[in-house]
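The structure appears below as structure tokens.
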2 protein chains.
Amino acid sequence: MENFTYFNPTQIDFGIGKEQLIGQHLAEHGIKKVLLCYGSERIKRDGLFNTVHQSLSDQGIDLVECGGIVSNPVISKVRDAVALALDSAKAIAAGVRYEGDVWDLFIGKAPIPSALPVFAILTLAATGSEMNAYAVVTNEDTKEKLFIGSPDTFPKVSILNPALMQGVSRDYLAYSAADVIAHVIEVYFTASTQPKLLSRLAESLLHTVIETTETLQDDPTDHAARGEFAWAATLAQNGLTFSGACGFSYPNHAIEHALSALFKVPHGAGLSVVIPAWMKWYHSRNSAQFERFAQNMFGLSTAEQGIAALEAWFNKIGTPTRLAQLQIKESDLPAIV
Amino acid sequence: MENFTYFNPTQIDFGIGKEQLIGQHLAEHGIKKVLLCYGSERIKRDGLFNTVHQSLSDQGIDLVECGGIVSNPVISKVRDAVALALDSAKAIAAGVRYEGDVWDLFIGKAPIPSALPVFAILTLAATGSEMNAYAVVTNEDTKEKLFIGSPDTFPKVSILNPALMQGVSRDYLAYSAADVIAHVIEVYFTASTQPKLLSRLAESLLHTVIETTETLQDDPTDHAARGEFAWAATLAQNGLTFSGACGFSYPNHAIEHALSALFKVPHGAGLSVVIPAWMKWYHSRNSAQFERFAQNMFGLSTAEQGIAALEAWFNKIGTPTRLAQLQIKESDLPAIV
């Protein structure tokens, strides 16, 4: 185990109907007025907005809306916006406490001074943003996709109600699964020190994501599977899988960020294209861990077999594995590079 | 997944030499004066007291000692005292904010009003108290062993330095392993709802405890194994293994608390006697999970084989599996009951 500091003060309130408690959570933190950030009007159609409005109203908390984070009503963009809303909220929370341009915080020109308290109600499981300090934001002008994070940008409370995630489409569930898998395996394969305990925890999350994705594609109303998927997605990015590892990096995310920024593909769809290709290129650098992956995840022997099995599984659940499926051409490669 | 609330604001600072930072952690929380609770004079012999004293002194923090939590210098009692010191500190922290007798808080006569901030430096891995709100305390008069916990009794910071745990004896390491295993399997076997994700995480911790205990009995200076053991022990009692489960209980701990209270046996040694006997009695109530345990932990088929394998492993590492090994006679059974 490498030296580490683990600190995660976010309170998770998990379960059916928990969004009704948002007003109480805010009141316990002395909040009198909130800026409600959301990605699409879907929350008004499906009743979530009304539930939140009522819960705040019961506690005498004022509400200012900040909706429509993206205006393009293509479903994939709407789903992305749902995830972006929380990242946007964190960036806004830090930005209001900084006198200059908020982008300064992303490029390291200034440290994050402090942040307004952030509270989240999840409608999509994938990013893990609900239980970490990070906010990933794209600058359209510079085409950069960068992140910030400080102890102040952890959400105070995040509400995870599996039922609120039920409307996620079959495709988007597959993209989310690819995103969670990427979060886990980037550390698992790239860490120069990777304690076996962390490999075991990682495999626990991966098995759960694979199993519950298949269950949910068969039956989107299975709340037990939805809940396990959601909690696995949260644990995949709350520090558990990398505390005690060192020397790890996120090369698949780095490559995919270029795809998202240039071609507006869903993040998870980009990842499922990048991951198998990256694994084929990388595996000889850490062959023991790739053989472990093949064995423990799929009961197979060689690194190549494990990679092929993951790629086949991506194909099975309907998330792309080739750039052509994202309408990206060979002539686009220089721009990506 | 059942509804749950997960909240764990304790900051873990893990690694070699981290105890030197205790003064800085205290200063960051605005602490000017501390009550230092410890179990034995060992910390003065091995230098830890001096390190802490220096770190506090550098920050201008005053120190009041509260040592010698038990006076009997038998090694097993000294080790127990190391664990008890943190529980004592939490109980003291809550007690000073309550006007009546502190035992009122344990028997539910009064709620925990608030608590002084608690900071911990671990010298023994087993109880998990470093990353949860619980304090277990025995009342010698009533022979009761009860616990308290509130959001205020989470340690603010816990420092885990594997090197500080190196002096733990071979026997006591085995008892600690039994304690960690008990924490994990009590939920694993008794939960009426046990998501597969939690079973997987539990098995990850169990495999790690088994593997690292054997490594450490061969080489007590293996810091990597010591670190994995310590972190697994922490995760076994920080809420991870039961958040999302329901209907679970701690029958082995309940029975063992009677053994500890009546016969002053080390807690883990009592547990390794209770666990296999309890498993033999209980397994037919949850046979699928016991078969899963046999398969995933030991590659065996039946519940009975899995139980026998765990009992054999307890024997192998040198923690008792029979009451007679604890000098407890058949004539003592009525008192235990």
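The values are calculated or read from the model by the stated rules, or taken from the named source; none is laboratory data. Just so you know, these numbers come straight off a predicted model, no measurement behind them. Counting neighbours? That spans all protein chains shown, and the Cβs are built from the backbone with ideal geometry, glycine included. Just so you know, the surface numbers come from the protein's heavy atoms only, side chains and all, with ligands and any DNA or RNA stripped out. Shrake-Rupley method; radii C 1.70, N 1.55, O 1.52, S 1.80 Å.
If only residues of the range B:127-147 that are of a type in the set (A, V, I, L, M, F, W, C) and modelled with pLDDT under 90 are counted, the one that is most open to solvent (accessible area, probe 1.4 Å) is B:Phe147.
From A:Ala230, A:Ala254, which residue is at the interface with another protein chain (Cβ under 9 Å from one of its Cβ atoms) and among the aliphatic types (A, V, I, L, M)? Spell out how you get there, then give the answer.
Numbers: A:Ala254 fails: at the interface with another protein chain (Cβ under 9 Å from one of its Cβ atoms).
Just one listed residue meets the conditions, A:Ala230.
Residues of the range B:155-194 that are open to solvent by 10 Å² or more (accessible area, probe 1.4 Å) and either within 10 Å of another protein chain (Cβ to nearest Cβ) or of a type in the set (Lys, Arg) (or both): B:Lys156, B:Arg170, B:Thr193.
Out of all the residues in the range A:205-224, is one or more within 13 Å of another protein chain (Cβ to nearest Cβ), within 25 Å of A:Ser287 (Cβ to Cβ), open to solvent by 10 Å² or more (accessible area, probe 1.4 Å) and under 18 Å from the mean Cα position of the chain (by Cα)? Yes - at least one qualifying residue is present in the range A:205-224. State yes or no: is B:His223 outside the structural domain of B:Gly149 (by TED's automatic domain parsing) and either among the aromatic types (Phe, Trp, Tyr) or more than 20 Å from B:Arg292 (Cα to Cα) (or both)? Yes: the conditions hold for B:His223.
Of the residues making up the range B:213-260, those that are part of a helix (DSSP H, G or I) and polar (S, T, N, Q) are B:Thr213, B:Thr215, B:Gln217, B:Thr234, B:Asn252, B:Ser260. For A:Leu262, the stated conditions do not hold, so it cannot be described as crowded, with 18+ Cβ neighbours inside 10 Å and touching a residue at least 12 places away in the same chain (Cβ under 8 Å). The strands (runs of 3 or more DSSP E) found entirely in the range A:133-189 that carry 1 or more residues being out of contact with any Phe, Trp or Tyr (no Cβ under 7 Å at 6 or more places or on another chain) and farther than 27 Å from B:Phe4 by Cα are A:135-139, A:144-148.
Inspection of the range B:198-207 identifies no residue that is modelled with pLDDT under 95, more than 16 Å from B:Thr321 (Cα to Cα) and either hydrophobic (A, V, I, L, M, F, W, C) or in a helix (DSSP H, G or I) (or both).
Within the range B:235-252, is even one residue among the small types (Gly, Ala, Ser), modelled with pLDDT of 95 or more and buried (at least 17 other Cβ atoms within 10 Å of the Cβ)? Spell out the reasoning first.
Step one: list which residues in the range B:235-252 are among the small types (Gly, Ala, Ser), which gives B:236, B:239, B:243-245, B:247, B:249.
Checking which are modelled with pLDDT of 95 or more leaves us with B:236, B:249.
Those still in the list that are buried (at least 17 other Cβ atoms within 10 Å of the Cβ) too: B:236.
Yes, some residue in the range B:235-252 is among the small types (Gly, Ala, Ser), modelled with pLDDT of 95 or more and buried (at least 17 other Cβ atoms within 10 Å of the Cβ).
For the range B:45-67, the condition of being within 14 Å of another protein chain (Cβ to nearest Cβ) and touching a residue at least 40 places away in the same chain (Cβ under 8 Å) holds for none of the residues.
Residues that are open to solvent by less than 20 Å² (accessible area, probe 1.4 Å): which helices (runs of 4 or more DSSP H) entirely in the range B:268-337 hold 3 or more of them? Even if it seems obvious, please write down each step before you answer.
Numbers: elements: B:287-298, B:303-317, B:333-336.
Ranges flagged: B:287-298, B:303-317.
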